[in-house]
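So the structure is just underneath, and the comments pick up after that.
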Amino acid sequence: MTGSFMTLAMLLLANPAMAQQCMHVSGARIAFEIIQDGAPFSGEFAEGGGRVCMDGERIISIEAWLAPASVNTGLPELDAALQEAEFFDTRKFPRVAFTSKDIETAAQAYIAHGELQVKERTVPTSVPFALEPAPATTRISGSLTLDRLALGIGSGEWADTRWLGAEVKVSFSAMLEQ
Amino acid sequence: MHTHSENSAARYGIVAQLLHWLVAAMVFVQLGLGIYAGNLPVSLARLKWLSWHKALGIILLALVLLRLAWRAFHSPPALPAFLPRHERLLALVVHALLYAMLVLAPLSGWLYASAAGLSVTVRGLRIRNLVERNPGLAAAFHDTHVIFVVVLASLIVLHVAGALRHALRHDGIMSRMLPWRRT
(Lines give C-alpha, C1' and ligand atoms only; values in the text may rest on other atoms or scores of the structure.)
Protein backbone atom coordinates (compact mmCIF):
# COMPACT_ATOMS: atom_id res chain seq x y z
CA MET A 1 0.00 0.00 0.00
CA THR A 2 2.88 2.33 0.71
CA GLY A 3 3.88 1.87 -2.90
CA SER A 4 0.50 2.91 -4.20
CA PHE A 5 0.50 5.92 -1.91
CA MET A 6 3.92 6.79 -3.28
CA THR A 7 2.66 6.54 -6.82
CA LEU A 8 -0.35 8.63 -6.05
CA ALA A 9 1.81 11.12 -4.19
CA MET A 10 4.14 11.31 -7.18
CA LEU A 11 1.24 11.87 -9.49
CA LEU A 12 0.10 14.66 -7.25
CA LEU A 13 3.57 16.17 -7.01
CA ALA A 14 3.58 16.53 -10.75
CA ASN A 15 0.83 19.07 -10.27
CA PRO A 16 1.59 20.77 -6.96
CA ALA A 17 -0.65 23.71 -7.66
CA MET A 18 -3.76 21.59 -7.36
CA ALA A 19 -4.59 20.14 -3.98
CA GLN A 20 -7.61 18.29 -5.33
CA GLN A 21 -7.16 16.23 -8.38
CA CYS A 22 -9.16 13.66 -10.31
CA MET A 23 -7.84 10.75 -12.30
CA HIS A 24 -9.83 9.11 -15.04
CA VAL A 25 -10.43 5.44 -15.43
CA SER A 26 -9.24 3.83 -18.64
CA GLY A 27 -9.17 0.28 -19.91
CA ALA A 28 -11.84 -0.83 -17.46
CA ARG A 29 -12.49 -4.55 -17.29
CA ILE A 30 -15.65 -5.59 -15.49
CA ALA A 31 -16.37 -9.29 -15.18
CA PHE A 32 -19.22 -11.12 -13.49
CA GLU A 33 -20.02 -14.65 -12.47
CA ILE A 34 -23.40 -16.13 -11.64
CA ILE A 35 -24.54 -19.65 -10.83
CA GLN A 36 -26.86 -21.09 -13.47
CA ASP A 37 -28.27 -24.57 -12.87
CA GLY A 38 -25.63 -25.21 -10.22
CA ALA A 39 -22.59 -24.24 -12.28
CA PRO A 40 -20.80 -20.91 -12.61
CA PHE A 41 -21.41 -18.89 -15.74
CA SER A 42 -19.41 -15.77 -16.50
CA GLY A 43 -19.42 -12.74 -18.72
CA GLU A 44 -18.07 -9.23 -18.89
CA PHE A 45 -18.94 -5.66 -19.72
CA ALA A 46 -16.67 -4.15 -22.33
CA GLU A 47 -17.54 -0.54 -21.66
CA GLY A 48 -17.09 1.27 -18.37
CA GLY A 49 -15.43 4.32 -16.89
CA GLY A 50 -15.24 6.71 -14.02
CA ARG A 51 -12.95 8.89 -11.99
CA VAL A 52 -11.14 8.86 -8.69
CA CYS A 53 -10.62 12.19 -6.92
CA MET A 54 -7.97 12.85 -4.33
CA ASP A 55 -7.23 15.57 -1.88
CA GLY A 56 -3.57 15.29 -1.19
CA GLU A 57 -2.98 11.63 -0.44
CA ARG A 58 -6.52 11.02 0.56
CA ILE A 59 -9.08 9.56 -1.84
CA ILE A 60 -12.18 11.67 -1.45
CA SER A 61 -14.56 10.34 -4.03
CA ILE A 62 -15.11 7.67 -6.65
CA GLU A 63 -17.59 7.70 -9.46
CA ALA A 64 -17.88 4.72 -11.76
CA TRP A 65 -20.23 3.52 -14.46
CA LEU A 66 -20.68 0.74 -16.91
CA ALA A 67 -22.77 0.35 -20.04
CA PRO A 68 -24.85 -2.83 -19.64
CA ALA A 69 -25.44 -2.86 -23.41
CA SER A 70 -21.76 -3.83 -23.76
CA VAL A 71 -22.35 -7.15 -22.01
CA ASN A 72 -20.52 -10.10 -23.54
CA THR A 73 -21.22 -13.65 -22.43
CA GLY A 74 -20.02 -15.25 -25.65
CA LEU A 75 -23.66 -16.17 -26.40
CA PRO A 76 -25.19 -13.48 -28.65
CA GLU A 77 -28.78 -14.61 -27.94
CA LEU A 78 -28.20 -14.22 -24.22
CA ASP A 79 -26.48 -10.85 -24.63
CA ALA A 80 -29.57 -9.67 -26.52
CA ALA A 81 -31.91 -10.98 -23.80
CA LEU A 82 -29.91 -9.11 -21.14
CA GLN A 83 -30.82 -5.82 -22.86
CA GLU A 84 -34.51 -6.41 -22.17
CA ALA A 85 -36.69 -4.92 -19.43
CA GLU A 86 -36.44 -8.00 -17.19
CA PHE A 87 -32.70 -7.51 -16.99
CA PHE A 88 -30.91 -4.20 -17.67
CA ASP A 89 -33.52 -2.43 -19.81
CA THR A 90 -30.66 -0.75 -21.64
CA ARG A 91 -32.79 1.45 -23.91
CA LYS A 92 -34.28 3.23 -20.88
CA PHE A 93 -31.25 2.91 -18.63
CA PRO A 94 -28.02 2.97 -20.64
CA ARG A 95 -25.79 3.17 -17.56
CA VAL A 96 -25.29 1.47 -14.22
CA ALA A 97 -23.56 3.95 -11.91
CA PHE A 98 -21.82 4.00 -8.57
CA THR A 99 -21.18 7.15 -6.54
CA SER A 100 -19.22 7.05 -3.31
CA LYS A 101 -20.29 8.90 -0.20
CA ASP A 102 -17.42 7.93 2.01
CA ILE A 103 -14.07 6.21 1.50
CA GLU A 104 -12.87 3.97 4.30
CA THR A 105 -9.21 3.09 4.51
CA ALA A 106 -8.78 -0.52 5.63
CA ALA A 107 -5.60 -2.48 6.39
CA GLN A 108 -4.48 -3.36 2.88
CA ALA A 109 -7.16 -1.70 0.82
CA TYR A 110 -10.04 0.72 0.75
CA ILE A 111 -13.78 0.47 0.89
CA ALA A 112 -15.94 2.91 -1.00
CA HIS A 113 -19.32 3.24 0.66
CA GLY A 114 -21.88 4.69 -1.66
CA GLU A 115 -24.85 4.10 -3.86
CA LEU A 116 -25.28 1.81 -6.81
CA GLN A 117 -27.85 2.91 -9.31
CA VAL A 118 -29.37 0.21 -11.49
CA LYS A 119 -32.42 1.11 -13.51
CA GLU A 120 -34.82 2.96 -11.21
CA ARG A 121 -33.28 1.52 -8.05
CA THR A 122 -30.62 3.07 -5.86
CA VAL A 123 -29.07 0.59 -3.47
CA PRO A 124 -26.48 1.35 -0.74
CA THR A 125 -23.37 -0.57 -1.73
CA SER A 126 -19.85 -0.95 -0.39
CA VAL A 127 -17.10 -1.59 -2.88
CA PRO A 128 -13.75 -2.85 -1.60
CA PHE A 129 -10.85 -1.91 -3.83
CA ALA A 130 -7.09 -1.76 -3.94
CA LEU A 131 -4.62 0.47 -5.67
CA GLU A 132 -1.28 -0.69 -6.96
CA PRO A 133 1.38 1.09 -8.90
CA ALA A 134 1.71 0.17 -12.56
CA PRO A 135 4.19 1.60 -15.09
CA ALA A 136 3.43 5.33 -15.35
CA THR A 137 0.01 4.88 -13.78
CA THR A 138 -1.97 3.31 -10.96
CA ARG A 139 -4.12 0.23 -11.24
CA ILE A 140 -7.38 0.01 -9.36
CA SER A 141 -9.06 -3.33 -8.80
CA GLY A 142 -11.60 -4.96 -6.59
CA SER A 143 -14.45 -7.39 -6.31
CA LEU A 144 -17.78 -7.60 -4.60
CA THR A 145 -20.87 -9.76 -4.47
CA LEU A 146 -24.21 -8.26 -5.40
CA ASP A 147 -27.74 -9.54 -4.96
CA ARG A 148 -29.25 -9.25 -8.44
CA LEU A 149 -32.80 -9.50 -7.06
CA ALA A 150 -32.25 -6.46 -4.82
CA LEU A 151 -31.15 -4.60 -7.93
CA GLY A 152 -34.10 -5.74 -10.02
CA ILE A 153 -31.94 -7.66 -12.51
CA GLY A 154 -33.70 -10.77 -13.75
CA SER A 155 -37.27 -10.16 -12.69
CA GLY A 156 -40.41 -12.13 -13.52
CA GLU A 157 -39.71 -15.79 -14.32
CA TRP A 158 -35.96 -15.15 -13.96
CA ALA A 159 -36.36 -14.51 -10.22
CA ASP A 160 -36.29 -18.31 -9.75
CA THR A 161 -32.91 -18.79 -8.05
CA ARG A 162 -33.00 -22.58 -8.54
CA TRP A 163 -32.00 -21.89 -12.15
CA LEU A 164 -30.30 -18.52 -11.89
CA GLY A 165 -28.57 -17.70 -8.60
CA ALA A 166 -29.25 -14.46 -6.75
CA GLU A 167 -25.58 -13.77 -6.03
CA VAL A 168 -23.47 -12.17 -8.71
CA LYS A 169 -19.73 -11.92 -8.17
CA VAL A 170 -18.38 -8.83 -9.84
CA SER A 171 -14.70 -8.08 -10.29
CA PHE A 172 -13.16 -5.07 -11.91
CA SER A 173 -9.84 -3.55 -12.79
CA ALA A 174 -8.79 -0.39 -14.59
CA MET A 175 -5.95 2.06 -14.97
CA LEU A 176 -6.10 5.55 -13.49
CA GLU A 177 -4.85 8.30 -15.72
CA GLN A 178 -4.35 11.99 -15.24
CA MET B 1 -32.15 -71.80 -13.12
CA HIS B 2 -31.06 -70.09 -16.28
CA THR B 3 -31.59 -66.34 -15.95
CA HIS B 4 -31.18 -65.37 -19.62
CA SER B 5 -28.81 -62.61 -18.56
CA GLU B 6 -26.27 -63.86 -21.09
CA ASN B 7 -26.72 -63.65 -24.83
CA SER B 8 -27.41 -67.07 -26.31
CA ALA B 9 -26.70 -68.23 -29.86
CA ALA B 10 -30.31 -67.48 -30.77
CA ARG B 11 -31.20 -64.30 -28.89
CA TYR B 12 -29.98 -61.40 -26.79
CA GLY B 13 -29.84 -61.80 -23.01
CA ILE B 14 -31.86 -59.64 -20.67
CA VAL B 15 -28.98 -57.22 -19.91
CA ALA B 16 -28.39 -56.45 -23.59
CA GLN B 17 -32.15 -56.14 -24.14
CA LEU B 18 -32.64 -53.85 -21.14
CA LEU B 19 -29.77 -51.59 -22.23
CA HIS B 20 -31.08 -51.52 -25.81
CA TRP B 21 -34.62 -50.48 -24.87
CA LEU B 22 -33.53 -48.07 -22.15
CA VAL B 23 -31.19 -46.28 -24.56
CA ALA B 24 -33.87 -46.35 -27.28
CA ALA B 25 -36.50 -44.74 -25.02
CA MET B 26 -34.03 -42.15 -23.73
CA VAL B 27 -32.85 -41.26 -27.24
CA PHE B 28 -36.45 -40.50 -28.26
CA VAL B 29 -36.98 -38.30 -25.18
CA GLN B 30 -33.60 -36.67 -25.79
CA LEU B 31 -34.36 -35.89 -29.45
CA GLY B 32 -37.68 -34.33 -28.47
CA LEU B 33 -36.12 -32.29 -25.67
CA GLY B 34 -33.26 -31.06 -27.82
CA ILE B 35 -35.41 -30.05 -30.79
CA TYR B 36 -38.02 -28.38 -28.58
CA ALA B 37 -35.65 -26.54 -26.23
CA GLY B 38 -33.11 -25.65 -28.91
CA ASN B 39 -35.78 -23.73 -30.81
CA LEU B 40 -37.14 -21.80 -27.82
CA PRO B 41 -36.14 -18.14 -27.45
CA VAL B 42 -33.92 -17.26 -24.46
CA SER B 43 -36.20 -17.87 -21.48
CA LEU B 44 -36.27 -19.70 -18.18
CA ALA B 45 -38.09 -22.55 -19.94
CA ARG B 46 -35.22 -22.87 -22.41
CA LEU B 47 -32.69 -22.87 -19.58
CA LYS B 48 -34.63 -25.60 -17.72
CA TRP B 49 -35.27 -27.86 -20.71
CA LEU B 50 -31.71 -27.54 -21.94
CA SER B 51 -30.41 -28.32 -18.45
CA TRP B 52 -32.40 -31.56 -18.51
CA HIS B 53 -31.28 -32.24 -22.07
CA LYS B 54 -27.63 -31.86 -21.03
CA ALA B 55 -28.05 -34.03 -17.93
CA LEU B 56 -29.86 -36.74 -19.91
CA GLY B 57 -27.11 -36.58 -22.54
CA ILE B 58 -24.43 -37.37 -19.96
CA ILE B 59 -26.51 -40.28 -18.59
CA LEU B 60 -27.06 -41.56 -22.15
CA LEU B 61 -23.37 -41.38 -22.94
CA ALA B 62 -22.60 -43.40 -19.80
CA LEU B 63 -25.26 -46.00 -20.72
CA VAL B 64 -23.99 -46.31 -24.29
CA LEU B 65 -20.42 -46.82 -23.05
CA LEU B 66 -21.76 -49.46 -20.65
CA ARG B 67 -23.57 -51.10 -23.56
CA LEU B 68 -20.40 -51.15 -25.64
CA ALA B 69 -18.44 -52.61 -22.72
CA TRP B 70 -21.11 -55.30 -22.17
CA ARG B 71 -21.14 -56.08 -25.88
CA ALA B 72 -17.35 -56.36 -25.96
CA PHE B 73 -17.48 -59.17 -23.38
CA HIS B 74 -20.77 -60.76 -24.44
CA SER B 75 -20.89 -61.48 -28.16
CA PRO B 76 -24.27 -60.79 -29.73
CA PRO B 77 -26.06 -63.76 -31.30
CA ALA B 78 -24.79 -64.44 -34.82
CA LEU B 79 -27.04 -63.54 -37.72
CA PRO B 80 -28.80 -66.60 -39.17
CA ALA B 81 -27.19 -68.27 -42.16
CA PHE B 82 -30.16 -67.66 -44.46
CA LEU B 83 -29.54 -63.90 -44.44
CA PRO B 84 -28.08 -62.70 -47.79
CA ARG B 85 -24.59 -61.21 -47.75
CA HIS B 86 -25.67 -57.66 -48.62
CA GLU B 87 -28.17 -57.65 -45.73
CA ARG B 88 -25.50 -58.77 -43.29
CA LEU B 89 -23.23 -56.02 -44.55
CA LEU B 90 -26.00 -53.44 -44.25
CA ALA B 91 -26.80 -54.55 -40.69
CA LEU B 92 -23.12 -54.39 -39.76
CA VAL B 93 -22.66 -50.90 -41.18
CA VAL B 94 -25.87 -49.47 -39.68
CA HIS B 95 -25.12 -50.95 -36.25
CA ALA B 96 -21.54 -49.69 -36.28
CA LEU B 97 -22.67 -46.19 -37.30
CA LEU B 98 -25.47 -46.23 -34.73
CA TYR B 99 -23.02 -46.98 -31.94
CA ALA B 100 -20.62 -44.33 -33.26
CA MET B 101 -23.37 -41.68 -33.35
CA LEU B 102 -24.71 -42.71 -29.95
CA VAL B 103 -21.27 -41.79 -28.59
CA LEU B 104 -20.55 -38.81 -30.82
CA ALA B 105 -23.92 -37.04 -30.47
CA PRO B 106 -23.78 -36.67 -26.67
CA LEU B 107 -20.03 -36.10 -26.74
CA SER B 108 -20.35 -33.20 -29.21
CA GLY B 109 -23.19 -31.78 -27.09
CA TRP B 110 -20.97 -31.94 -24.01
CA LEU B 111 -18.15 -30.23 -25.95
CA TYR B 112 -20.61 -27.55 -27.12
CA ALA B 113 -21.85 -26.88 -23.57
CA SER B 114 -18.25 -26.74 -22.30
CA ALA B 115 -17.06 -24.32 -24.98
CA ALA B 116 -20.16 -22.14 -24.46
CA GLY B 117 -19.33 -21.85 -20.75
CA LEU B 118 -22.58 -23.60 -19.82
CA SER B 119 -21.36 -26.48 -17.68
CA VAL B 120 -23.47 -29.60 -17.34
CA THR B 121 -24.93 -30.59 -13.98
CA VAL B 122 -26.63 -33.91 -13.30
CA ARG B 123 -28.91 -33.67 -10.26
CA GLY B 124 -26.73 -30.98 -8.71
CA LEU B 125 -23.49 -32.79 -9.53
CA ARG B 126 -21.25 -30.64 -11.69
CA ILE B 127 -19.78 -32.44 -14.66
CA ARG B 128 -16.36 -31.29 -15.72
CA ASN B 129 -15.91 -29.18 -18.81
CA LEU B 130 -14.13 -30.93 -21.66
CA VAL B 131 -12.62 -27.77 -23.15
CA GLU B 132 -11.90 -24.21 -22.15
CA ARG B 133 -14.53 -21.63 -22.89
CA ASN B 134 -14.30 -20.45 -26.50
CA PRO B 135 -17.26 -18.89 -28.37
CA GLY B 136 -15.86 -19.72 -31.84
CA LEU B 137 -15.34 -23.34 -30.86
CA ALA B 138 -18.82 -23.41 -29.28
CA ALA B 139 -20.41 -22.46 -32.62
CA ALA B 140 -18.43 -25.19 -34.39
CA PHE B 141 -19.39 -27.82 -31.77
CA HIS B 142 -23.03 -26.75 -32.01
CA ASP B 143 -23.06 -27.41 -35.76
CA THR B 144 -21.20 -30.69 -35.27
CA HIS B 145 -23.75 -31.74 -32.63
CA VAL B 146 -26.65 -31.00 -35.01
CA ILE B 147 -25.00 -32.97 -37.84
CA PHE B 148 -24.37 -36.02 -35.61
CA VAL B 149 -27.95 -35.88 -34.34
CA VAL B 150 -29.36 -35.71 -37.88
CA VAL B 151 -27.18 -38.68 -38.90
CA LEU B 152 -28.29 -40.54 -35.75
CA ALA B 153 -31.97 -39.87 -36.45
CA SER B 154 -31.55 -41.09 -40.05
CA LEU B 155 -29.83 -44.27 -38.82
CA ILE B 156 -32.66 -44.86 -36.34
CA VAL B 157 -35.15 -44.66 -39.23
CA LEU B 158 -33.09 -47.28 -41.14
CA HIS B 159 -32.74 -49.44 -38.04
CA VAL B 160 -36.49 -49.38 -37.26
CA ALA B 161 -37.35 -50.01 -40.93
CA GLY B 162 -35.00 -53.01 -40.93
CA ALA B 163 -36.47 -54.37 -37.70
CA LEU B 164 -40.02 -54.02 -39.04
CA ARG B 165 -39.03 -55.76 -42.24
CA HIS B 166 -37.73 -58.72 -40.22
CA ALA B 167 -40.91 -58.69 -38.10
CA LEU B 168 -43.09 -58.81 -41.23
CA ARG B 169 -40.98 -61.62 -42.66
CA HIS B 170 -41.28 -63.57 -39.39
CA ASP B 171 -37.63 -64.54 -39.71
CA GLY B 172 -37.04 -64.37 -35.96
CA ILE B 173 -34.40 -61.63 -36.13
CA MET B 174 -36.41 -58.86 -34.49
CA SER B 175 -37.74 -61.12 -31.74
CA ARG B 176 -34.16 -61.74 -30.59
CA MET B 177 -34.35 -58.30 -28.96
CA LEU B 178 -37.87 -58.68 -27.53
CA PRO B 179 -37.86 -59.58 -23.82
CA TRP B 180 -41.29 -61.27 -23.91
CA ARG B 181 -40.35 -63.77 -26.60
CA ARG B 182 -38.88 -67.00 -25.29
CA THR B 183 -37.41 -69.26 -27.93
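The values are calculated or read from the model by the stated rules, or taken from the named source; none is laboratory data. Please read these numbers as outputs of a predicted model, since none were measured by experiment. Here Cβ is always computed from backbone atoms with ideal geometry, including for glycine, and neighbour counts include all displayed protein chains. Ligands, DNA and RNA are excluded from the accessible area calculation, which covers all protein heavy atoms including side chains. Shrake-Rupley method; radii C 1.70, N 1.55, O 1.52, S 1.80 Å.
Dipole magnitude of chain A about its Cα centre, charges +1 at Lys/Arg Cβ and -1 at Asp/Glu Cβ only, in debye to the nearest 20?
The calculated dipole for chain A is roughly 400 debye.
From Cα pairs below 8 angstrom and at least 6 apart in sequence, can you work out the relative contact order of segment B:14-177, rounded to a whole percent?
Result for segment B:14-177 is 20 percent.
Residue B:146 versus residue B:100, label points 7 Å from Cα toward the beta carbon: distance in nm?
Spacing of the two 7 Å Cα→Cβ label points: 2.2 nm.
Identify which of A:66, A:75, A:144 has the largest mean-square fluctuation in a Gaussian network model of chain A, with springs joining Cα atoms closer than 10 Å.
A:75
Choose one of A:124, A:82, A:71: the residue whose Cα lies farthest towards the positive end of the charge dipole of segment A:35-137 (beta-carbon charges +1 Lys, Arg; -1 Asp, Glu; about the Cα centre).
The residue sitting most towards the positive pole is A:124.
Compute a Gaussian network model of chain B, connecting alpha carbons closer than 10 Å, and tell me which residue from B:24, B:78, B:140 fluctuates the most.
In this elastic network of chain B, the residue with the biggest mean-square fluctuation among B:24, B:78, B:140 is B:78.
Viscosity 1.306 mPa s, temperature 10 °C: what is the translational diffusion coefficient of segment B:14-177 from Stokes-Einstein with a Kirkwood Rh over Cα pairs, rounded to a whole number of µm²/s?
Taking Rh from Cα pairs, D becomes 92 µm²/s.
Can you give the angle from 0 to 90° between the axis of helix A:2-13 and the longest principal axis of chain A, with both taken from C-alpha atoms, to the nearest 10?
70
Which lysines does residue B:48 reach when only Cα atoms under 24 Å apart count, and residues fewer than 8 places away in its own chain are ignored?
Partners within reach: A:169.
Rounded to the nearest 20 Debye, what is the dipole magnitude of segment B:98-183 about its Cα centre when Lys and Arg each give +1 and Asp and Glu each give -1 at the C-beta?
460
If you put +1 on each Lys and Arg Cβ and -1 on each Asp and Glu Cβ, how big is the dipole of the protein assembly as shown around its Cα centre, in Debye rounded to 20?
That gives a dipole near 2120 debye.
Give me the accessible area per residue for segment B:14-177, probe 1.4 Å, as a whole number in Å².
With all protein chains present, segment B:14-177 gives 55 Å² per residue.
Hey, what number do you get for chain B at 222 nm if only DSSP H runs of n ≥ 4 count, each worth -39500 (n - 2.57), divided across all residues, to the nearest 500?
-24000 deg cm²/dmol, from helical runs alone.
Would you tell me the accessible area of residue B:177, worked out with a 1.4 angstrom probe on the heavy atoms of the protein chains, in Å² to the nearest 10?
My reading of the accessible area for residue B:177 is about 30 Å².
Helix by helix, which DSSP H runs in chain B go 20 Å or more along their axis at the Cα atoms and have an average Kyte-Doolittle hydropathy of 1.6 or more?
Length and hydropathy pass: B:14-38.
Taking the alpha-carbon distance from residue A:119 and a cut-off under 18 Å, which lysines remain once sequence neighbours fewer than 8 residues away in the same chain are dropped?
In chain and number order, the partners are A:92.
What is the spin-label model distance, in nm, from residue A:36 to residue A:130 if the labels are put 7 Å beyond Cα along the C-beta direction?
3.0
Where in segment A:79-178 are there GluC sites (Glu not before Pro) that are in a DSSP coil and have at most 10 other Cβ atoms within 10 angstrom of their Cβ?
Answer by residue number: A:120.
Of B:19, B:115, B:105, which is farthest along the charge dipole of segment B:14-177 in the positive direction, counting Lys and Arg as +1 and Asp and Glu as -1 at C-beta?
With unit charges placed on the Cβ atoms, the residue in question is B:19.
Let me have the 222 nm mean residue ellipticity of chain A computed from DSSP H runs of 4+ only, each contributing -39500 (n - 2.57), with the sum over all residues rounded to the nearest 500.
Calculated mean residue ellipticity at 222 nm is -3000 deg cm²/dmol.
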